[in-house]
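Heads up: the structure comes next, in structure tokens.
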Amino acid sequence: MKVDKEKLKSIKDKYQGKSEDELLEELKKMSTGKNSEDQAKIIEKLKTLLNENQRKKLDQIMKKLSK
């Protein structure tokens, strides 16, 4: 998978300094209308790159988003 470093920096800059609640709202907006099966595949791939604490946090976030 090719990583666009400039795009990542742009995304980081856009969301840096936002609260967790603000970030959750942004994620909710982005995930609206997405295929949940595709989302699950992406999340599982992402988890392979995370440590245990990050995986737990991601699970918590996904539970909040599903409400």
*Of the residues that sit in the range 1-25 and are among the hydrophobic types (A, V, I, L, M, F, W, C) and loosely packed, with under 10 Cβ neighbours inside 10 Å, which one is modelled with the highest pLDDT?*
Val3
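Quick one: which of Glu44, Glu26 is under 18 Å from Ile11 (Cα atoms), of a type outside the set (Gly, Ala, Ser) and part of a helix (DSSP H, G or I)?
Details: Glu44 fails: under 18 Å from Ile11 (Cα atoms).
Step by step, each of Glu44, Glu26 is checked, and only Glu26 is under 18 Å from Ile11 (Cα atoms), of a type outside the set (Gly, Ala, Ser) and part of a helix (DSSP H, G or I).
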*Among the listed residues Leu50, Leu58, which satisfies the condition of being part of a loop (DSSP other than H, G, I, E, B) and either modelled with pLDDT of 85 or more or in contact with an Asp or Glu (Cβ under 7 Å, 6 or more places away or on another chain) (or both)?*
Leu50
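The values are calculated or read from the model by the stated rules, or taken from the named source; none is laboratory data. Just so it is clear, the model here is predicted, and its values are computed rather than measured. Cβ coordinates were reconstructed from backbone atoms using ideal geometry, including for glycine residues, and neighbour counts include every protein chain displayed.
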